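The values are calculated or read from the model by the stated rules, or taken from the named source; none is laboratory data. Worth saying up front: this structure is predicted, and the values here are computed from it rather than measured. Because the Cβ atoms are built from the backbone with ideal geometry, glycine has one as well, and the counts that use them run over all protein chains shown. Accessible surface is based on the protein model in full, side chains and every heavy atom, while ligands, DNA and RNA are left aside. Shrake-Rupley method; radii C 1.70, N 1.55, O 1.52, S 1.80 Å.
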Amino acid sequence: MATNRTKVPRPLARQLFVEAGHRCALPTCRATPLEIAHIVPWHRVRKHEFHNMIVLCPNCHTRFDRGDIDRQAMLRYKDLLRLSDPNRVAPDDPSPRAGLLRVYRLFQSDMTTWHTSIAELVMAVTLSSYGFPTGNLESCRTAASLARAATDKLSDLGDEGVTEAANYVFDWSLKWAHDVFDLEESAFNKTREKTGAWARERLMGFVMLHEEICAALDLGPRELDFFETERSGQNLPEVPLGTRGLWDADAEA
């Protein structure tokens, strides 16, 4: 421990121990004795804050320090402590970031669902010979409402940079939806060059938001997965993709 590191204030330490139930915060461990760890390292933040600290047993603390448990996972463990009872958040915790990572993933999911519904509407309009396919409208409207709610929630928890980036992504998507609903020709007939530029603009909106989220969480952009993918526990078949084996080494790694 660095000699110039200040001692964790006793009230803060008590709040952290109570939050974890005086057990290791990892739900599959729950061992004792206990230590207090900084999720983003002390040498980077130089301060003790409830949202960035977690109670671990010595074994889990060591595994975290050497990278067996990454920082993104530890943020999730911290978040899990709040899920069963949101009132367990310490009353003097000033951070607006409680649950920010969870809400960010919800935003990504709802925004992706909305984009998919818009794309399906574009396809339906393009292929339909019977006029505007009204059957696709309701799902698109519902997806838009969910995306708006997720944007507002993310704005509530994030700082000014997160709010601006989240609303940029939403407004970009809303412009696309407006053009489709209004049957603007530009929404249906794009050249390959314009399609590429359009896709890059969409991606950069998500990149900008990701960078703001990482900054709010005191993480580097590479310390947080750009999009989170979850594989279900069922035994799924492997589907080989590509015929030249260009990425075999990455798959094995």
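For region 98-167, taking Cα atoms only, Rg and Dmax work out to 14.9, 50 Å respectively.
Please grab the % of Cα pairs in region 1-54 that end up more than 17 Å from each other. Roughly 37 percent, once rounded to a whole number. Rounded to the nearest whole angstrom, the semi-axes of the ellipsoid equivalent to region 139-188, taken from the Cα gyration tensor as √(5λ), stand at 24, 13, 5, largest first.
Students often get this wrong: which residues of region 153-174 have the backbone nitrogen under 14 Å from the point 7 angstrom along Cα-to-C-beta of residue 197? Within reach of a label on residue 197: no residues. For the residues 123, 74, a 1.4 Å probe over the protein chains yields an accessible-area ranking, largest first, of 123, 74.
Annotation for region 1-77: trypsin sites (Lys or Arg not before Pro) lying in DSSP loop with at most 16 further Cβ atoms inside 10 Å of their Cβ are 5, 7, 23, 30, 46, 47, 66. In this structure the amide hydrogen of residue 53, modeled in the peptide plane, comes within under 5 Å of the amide hydrogens of 39, none closer than 5 places in sequence on its chain.
Residue-wise HN-Hα couplings along region 45-52, as the Karplus relation 6.51 cos²θ - 1.76 cosθ + 1.60 with θ = phi - 60° gives them from phi, are 9, 6, 7, 9, 9, 3, 5, 10 Hz; Gly and Pro carry x.
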